[in-house]
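A.B. asks: I am attaching a structure below and will ask some questions about it afterwards.
The values are calculated or read from the model by the stated rules, or taken from the named source; none is laboratory data. Computed from a predicted structure; not experimentally measured. For neighbour counting, all protein chains shown are included, and Cβ atoms are generated from backbone atoms with ideal geometry for every residue, glycine included. Please note that ligands, DNA and RNA were not included when accessible areas were found on the heavy atoms of the full protein model with its side chains. Shrake-Rupley method; radii C 1.70, N 1.55, O 1.52, S 1.80 Å.
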Amino acid sequence: MAEEKGINAMKYLKRTLRAIGIAGIFVTAATICAAQEGHWKAQWITAAGAAERDVAVVHFRKTIELAAAPEHFVVNASADNQFIFYVNGQEAGRGPSRGDLAHWRYETYDIAPMLHAGKNTLAALVWHFGTQAAVAQMSERTGFLLHGAGESEQAANTDATWEAEIETGIETVRPKMNEYFAAEPGLRIDGTKFDWDANGAEERRGGSWTKAVTLGRGALREERDAPNNWQLVSDALPPMEMKEVQSGNVVRASGVAAKLKEPMAGFALGVRTKVSVLIDNGELTTGYPAVTVKDGLGAKIQLTYAEALYDAKGLKGQRDEIAKRHIAGVVDEFLAAGDAAQREFVPLSWRTWRYLQIDVETADAPMTIVGLKTWFSAYPFEERAAFHSDNTTLEPIWKIGWRTARLDAHDTYMDTPYWERLQYIGDTRIQALVSYAVAGDDRLGRQAIAAFNDSRTTDGLTQSRYPSSLRQMIPTFSLLWVGMVHDFWMYRGDADFVRGQVAGTRTVLEWFLQKQRGDGMLGRIPWWPFVDWGADFEAGESPQDADGGSSVMTLQFVEALRYGAELERAFGDASLADKYERAAARAAEAVKKLCWDENRGLVTDTPRQRHFSQHANILGVWLDVIPAEKQREVLRKILSRSDEAFSEKNDVPPMTLATYYFRFYLARAIEHAGMGDEYLKLLGPWHKMVELGLTTWAESPEPTRSDSHAWSAHPNFDLLRIVAGIKPKSAGFEEIMIEPHLGDLKNVKAQMPIPRGMVEADCTRTANGVAARVKLPMGEKGELVWKGKTYALREGEQELSLP
């Protein structure tokens with residue numbers, strides 16, 4: 001009875017929420033009620049011999065017979081590593097979203113629209129890349145699971161009645177990279193071996209099918225004595241966006257007589273012919289290319305993906321340049337089957353590219369390239385915020401930033417969609433804030449915060465990136481995770497979710513409290529104490545003396561302690577809050593006493609006072625370790641080292657400069673010091689990237705490895721927070737503050753989603769000051785601050801004259 005009620009509730013919510021996915025069948029985690037209670041009967045299955053393979057690609061298949069087309073048919077699907085699920089030859093979904101073995105995701109679908117009376121074929125293609133899998137992929141072994149949510153759906157359960165076939169036509173291709181690469185490998189698909197009928201709706205005509213091997217039933221997390229290591233949890237994320245888009249323009253071609261157009265037109269090739277076609281998508285993208293071919297037995301098609309082309313010295317330079325430049329990067333290969341039927345070649349994993357080169361070489365048979373299609377895929381963020389001004393050069397800053405944020409978000413946030421695809425705390429904190437401010441969507445942010453909490457080791461620290469099959473510890477990132485929890489509280493609220501993270505923030509802060517020296521500074525920090533890719537920070541590490549004493553890391557500790565104290569006062573232990581505040585005060589006082597160079601008027605990086613960085617002084621200002629009366633002077637000094645807009649040298653010593661990443665914290669200091677009107681002067685590096693033809697923001701200044709790094713997308717956040725001035729006055733935007741900083745702008749018009757709805761702010765300079773129009777959601781209240789004066793704001797629309 002409980003199960004039946006759960007399914008009815010699920011159906012009702014599904015109709016209400018309209019949580020529709022690829023084929024209109026996806027059901028969100030919110031709809032999974034009592035239907036998931038009790039033990040599942042479905043078994044994890046694999047193919048005989050799959051365990052002996054490092055890389056295994058397996059087809060699974062079963063035919064079920066239905067008396068009539070059902071109104072609903074809800075199933076849960078999961079796999080290790082990944083699956084594509086088919087119903088009667090149509091793709092029904094793919095997944096699962098990445099997690100760890102203790103939180104292994106399953107996807108939920110209502111496949112009723114794809115079923116009919118009579119025989120129906122359920123099938124899946126599952127791949128396990130073993131030692132060649134992406135570093136973000138955690139794994140147990142090759143397996144697939146399909147579970148029917150109700151009694152009528154139990155016929156779909158995976159068990160020994162399913163069949164399996166090892167696919168021999170797919171193997172991996174290791175990318176040849178000079179830089180650190182941690183993403184999915186390339187693929188080689190041999191069309192002469194591949195079982196093209198395995199996932200089809202009709203009876204199979206070939207292949208080597210055997211009875212599936214069972215691996216124990218699917219077990220939900222927190223079950224007693226689970227029979228395997230996959231502890232299943234429902235995926236709270238929506239399906240990734242899949243949208244067909246234009247394939248770009250052909251910018252170079254050889255061996256093709258006909259002029260090619262966009263989308264890439266089909267063309268015929270004779271025997272022993274070579275063709276090369278270079279396509280410029282116009283902007284970086286993530287998704288799936290699909291090349292359709294016909295005939296051509298023995299022909300080889302190679303796809304090469306690149307963020308940019310390279311010159312003879314291996315440098316990217318101007319991204320729009322084509323002449324005298326070559327492509328290098330991730331490669332997929334396809335060996336044509338020679339069939340008269342059209343065959344579509346699509347990689348299993350999504351790819352990243354601006355430039356896509358297709359090289360074709362035929363053998364002793366002619367071939368036809370029927371055409372190229374491109375499917376964009378990423379997390380389905382919706383751009384709900386907007387920012388416009390009379391300065392048109394800010395438009396590409398906004399547009400490119402949002403594109404960067406989109407491409408670096410799939411089933412997790414990631415540092416770069418091309419090179420690593422790893423969810424690092426330092427990157428993710430910024431990415432999440434951009435998501436909250438521009439999309440008003442916190443689902444991926446929740447996933448990230450919870451994942452980092454789950455990653456904590458017995459030391460108490462979070463891992464620096466997660467999920468990850470390779471453990472990496474960056475203790476400073478654990479401090480930033482505490483800030484990330486606080487950010488969520490301020491921008492999204494949800495006290496229950498935030499309260500659930502506090503046990504984790506305690507273990508992080510306790511680890512650092514044990515490292516605090518008697519003088520208040522942090523002792524030496526082990527593992528990889530990364531701060532920023534500063535030019536003379538070795539491996540990104542801020543200098544430490546033999547016994548520690550890094551002012552930068554001590555200041556990051558101060559930030560985390562203050563946030564931890566606020567979280568404890570709201571959700572936990574007031575005595576712990578007192579403890580954190582005392583420790584923060586000791587640390588701040590130690591930096592002032594031991595690291596302030598009175599002659600230079602700057603904070604040094606250690607008590608030895610031999611090295612300066614922008615980083616120490618940025619944090620010193622933001623956290624009020626540097627007295628308020630000196631903050632503007634300090635910021636102007638350090639900015640004179642890196643920004644043309646702040647060119648007065650004032651005998652400033654050499655120092656490590658903040659890269660794009662740490663300039664997020666520079667913006668925090670500028671805002672805190674009351675210099676918000678000068679924020680736009682900080683965007684010089686972003687304007688230079690626009691001039692270089694970048695369509696997403698780079699990881700670091702030239703030369704850079706990655707052309708898409710979302711930690712550089714923070715201008716989208718600060719155009720809304722600093723320039724338009726929209727920010728929370730209290731947690732969860734219970735009260736709002738609007739404090740615009742127009743600088744030299746004559747007009748700023750912005751809107752930003754908050755938990756209660758949309759905030760709109762429009763400020764225009766007039767002969768008498770500024771005319772402001774503000775619109776707040778129902779139930780919202782707050783204040784507008786202008787030149788130190790406060791004006792009350794109420795729900796609805798209001799106009800103010802600001803002198």
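A.B. asks: Quick one: in the range 527-567, which of the residues that are small (G, A, S) and open to solvent by 40 Å² or more (accessible area, probe 1.4 Å) is nearest to A577 (Cα to Cα)? So that I can check it myself, show each step before the final result.
C.D. replies: Of the range 527-567, the ones small (G, A, S) are 534-535, 539-540, 542, 546, 548-551, 560, 564-565.
Okay, now just the ones that are also open to solvent by 40 Å² or more (accessible area, probe 1.4 Å), so 535, 539, 546.
Numbers: A535: 37, A539: 34, A546: 31 Å.
Checking each candidate, the answer is A546.
A.B. asks: Restricting attention to the range 568-581, which residues are open to solvent by 40 Å² or more (accessible area, probe 1.4 Å) and not small (G, A, S)?
C.D. replies: Within the range 568-581, R569, D573, D578, K579, E581 meet the criteria.
A.B. asks: M675 versus (1) at pLDDT 95 or above; (2) closer than 25 Å to G540 by Cβ: which is the lone unmet condition?
C.D. replies: All conditions are met except number (2).
A.B. asks: M414 passes all but one of (1) open to solvent by 20 Å² or more (accessible area, probe 1.4 Å); (2) out of contact with any His (no Cβ under 9 Å at 6 or more places or on another chain); which number fails?
C.D. replies: It is condition (1) that M414 fails.
A.B. asks: Here is a further query. Which fully enclosed strands (runs of 3 or more DSSP E) of the range 287-373 have 3 or more residues being of a type outside the set (K, R) and over 28 Å from the mean Cα position of the chain (by Cα)?
C.D. replies: Where strands (runs of 3 or more DSSP E) fall fully within the range 287-373 and carry at least 3 residues being of a type outside the set (K, R) and over 28 Å from the mean Cα position of the chain (by Cα), they are 351-361.
Here's the yes/no breakdown for (1) over 21 Å from the mean Cα position of the chain (by Cα); (2) open to solvent by less than 10 Å² (accessible area, probe 1.4 Å); (3) not aliphatic (A, V, I, L, M):
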{"residue": "T696", "(1), (2), (3)": "no, yes, yes"}
{"residue": "E702", "(1), (2), (3)": "yes, no, yes"}
{"residue": "D707", "(1), (2), (3)": "no, yes, yes"}
{"residue": "A710", "(1), (2), (3)": "no, yes, no"}
{"residue": "A713", "(1), (2), (3)": "no, yes, no"}
{"residue": "D718", "(1), (2), (3)": "no, yes, yes"}
{"residue": "V723", "(1), (2), (3)": "yes, yes, no"}
{"residue": "I726", "(1), (2), (3)": "yes, yes, no"}
{"residue": "K729", "(1), (2), (3)": "yes, no, yes"}
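A.B. asks: From the residues in the range 85-121 that are on the phi > 0 side of the Ramachandran plot and in a loop (DSSP other than H, G, I, E, B), which one is surrounded by the fewest Cβ atoms within 10 Å (Cβ to Cβ)?
C.D. replies: G89
A.B. asks: A124: touching a residue at least 24 places away in the same chain (Cβ under 8 Å), in a loop (DSSP other than H, G, I, E, B) and small (G, A, S), yes or no?
C.D. replies: no
Let's see how each residue does on (1) within 23 Å of G49 (Cα to Cα); (2) of a type outside the set (A, V, I, L, M, F, W, C); (3) in contact with a Ser or Thr (Cβ under 9 Å, 6 or more places away or on another chain):
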{"residue": "G130", "(1), (2), (3)": "yes, yes, yes"}
{"residue": "T161", "(1), (2), (3)": "yes, yes, no"}
{"residue": "T168", "(1), (2), (3)": "yes, yes, yes"}
{"residue": "E179", "(1), (2), (3)": "no, yes, yes"}
{"residue": "K193", "(1), (2), (3)": "yes, yes, yes"}
{"residue": "N199", "(1), (2), (3)": "yes, yes, yes"}
{"residue": "K211", "(1), (2), (3)": "yes, yes, yes"}
{"residue": "G218", "(1), (2), (3)": "yes, yes, yes"}
{"residue": "E222", "(1), (2), (3)": "no, yes, no"}
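A.B. asks: Restricted to the range 421-449, and to residues that are open to solvent by 10 Å² or more (accessible area, probe 1.4 Å) and out of contact with any helix residue (DSSP H, G or I) (no Cβ under 8 Å at 6 or more places or on another chain), which residue is nearest to H714 (Cα to Cα)?
C.D. replies: Only one residue tops the list, namely G440.
A.B. asks: Still on this model: Could you check I301 against (1) among the aliphatic types (A, V, I, L, M); (2) in contact with a Lys or Arg (Cβ under 7 Å, 6 or more places away or on another chain); (3) open to solvent by less than 30 Å² (accessible area, probe 1.4 Å); (4) modelled with pLDDT of 95 or more and say which number it fails?
C.D. replies: (2)
A.B. asks: Of the residues in the range 336-345, how many are closer than 24 Å to Q82 by Cβ and open to solvent by 50 Å² or more (accessible area, probe 1.4 Å)?
C.D. replies: Final tally of qualifying residues: 2.
A.B. asks: Just to be sure I understand, how many residues within the range 136-174 are open to solvent by less than 40 Å² (accessible area, probe 1.4 Å), in a loop (DSSP other than H, G, I, E, B) and farther than 22 Å from N228 by Cα?
C.D. replies: Summing the residues that are open to solvent by less than 40 Å² (accessible area, probe 1.4 Å), in a loop (DSSP other than H, G, I, E, B) and farther than 22 Å from N228 by Cα in the range 136-174 gives 3.
A.B. asks: Something else now. Which one is modelled with the lowest pLDDT, of the residues in the range 268-286 that are open to solvent by 20 Å² or more (accessible area, probe 1.4 Å) and more than 35 Å from the chain's Cα centre (by Cα)?
C.D. replies: The qualifying residue modelled with the lowest pLDDT is A268.
Residues are listed down the side, and each one gets a yes or a no for (1) of a type outside the set (A, V, I, L, M, F, W, C); (2) within 19 Å of the chain's Cα centre (by Cα); (3) open to solvent by less than 10 Å² (accessible area, probe 1.4 Å); (4) closer than 19 Å to L101 by Cα:
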residue: A409; (1), (2), (3), (4): no, yes, yes, no
residue: P475; (1), (2), (3), (4): yes, no, yes, no
residue: V485; (1), (2), (3), (4): no, yes, yes, no
residue: G500; (1), (2), (3), (4): yes, no, no, no
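A.B. asks: Sticking with this one: Any residue in the range 280-293 that's under 16 Å from L187 (Cα atoms): show its pairings with residues that are of a type in the set (K, R) at Cβ separation under 8 Å, as long as the two are six or more apart or on different chains.
C.D. replies: Close Cβ pairs (under 8 Å, with a partner that is of a type in the set (K, R)) amount to G287/R351; Y288/R351; P289/R351; P289/K373; A290/K373.
A.B. asks: OK, next. Just one of the numbered conditions (1) within 36 Å of the chain's Cα centre (by Cα); (2) open to solvent by 40 Å² or more (accessible area, probe 1.4 Å); (3) at pLDDT 95 or above is not true of A645; which one?
C.D. replies: Unmet condition: (3).
A.B. asks: If K681 satisfies all but one of (1) over 21 Å from the mean Cα position of the chain (by Cα); (2) open to solvent by less than 30 Å² (accessible area, probe 1.4 Å), what's the number of the condition it fails?
C.D. replies: Against the list (1) over 21 Å from the mean Cα position of the chain (by Cα); (2) open to solvent by less than 30 Å² (accessible area, probe 1.4 Å), K681 comes up short only on (2).
A.B. asks: Moving to a separate point now. Provide a single number: the residues in the range 367-388 that are touching a strand residue (DSSP E or B) at 6+ places or on another chain (Cβ under 6 Å), at pLDDT 95 or above and open to solvent by 10 Å² or more (accessible area, probe 1.4 Å).
C.D. replies: Counting residues in the range 367-388 that are touching a strand residue (DSSP E or B) at 6+ places or on another chain (Cβ under 6 Å), at pLDDT 95 or above and open to solvent by 10 Å² or more (accessible area, probe 1.4 Å) gives 6.
A.B. asks: Residue check, L187 against (1) part of a loop (DSSP other than H, G, I, E, B); (2) in contact with a Pro (Cβ under 7 Å, 6 or more places away or on another chain); (3) not polar (S, T, N, Q), all met but one. Which one?
C.D. replies: (1)
A.B. asks: Here's a follow-up. I need the helices (runs of 4 or more DSSP H) fully contained in the range 634-753, keeping only those with at least 1 residues that are aliphatic (A, V, I, L, M).
C.D. replies: Qualifying helices (runs of 4 or more DSSP H): 663-672, 684-691.
A.B. asks: I'm checking my understanding of the structure. Among residues of the range 349-366 that are touching an Asp or Glu at 6+ places or on another chain (Cβ under 8 Å) and among the hydrophobic types (A, V, I, L, M, F, W, C), which one is least open to solvent (accessible area, probe 1.4 Å)?
C.D. replies: Selected residue: W353.
A.B. asks: Would you check if V785 is modelled with pLDDT of 95 or more, of a type in the set (A, V, I, L, M, F, W, C) and closer than 20 Å to A667 by Cα? Break it down stepwise before answering.
C.D. replies: Working: modelled with pLDDT of 95 or more: yes; of a type in the set (A, V, I, L, M, F, W, C): yes; closer than 20 Å to A667 by Cα: yes.
Yes, satisfied.
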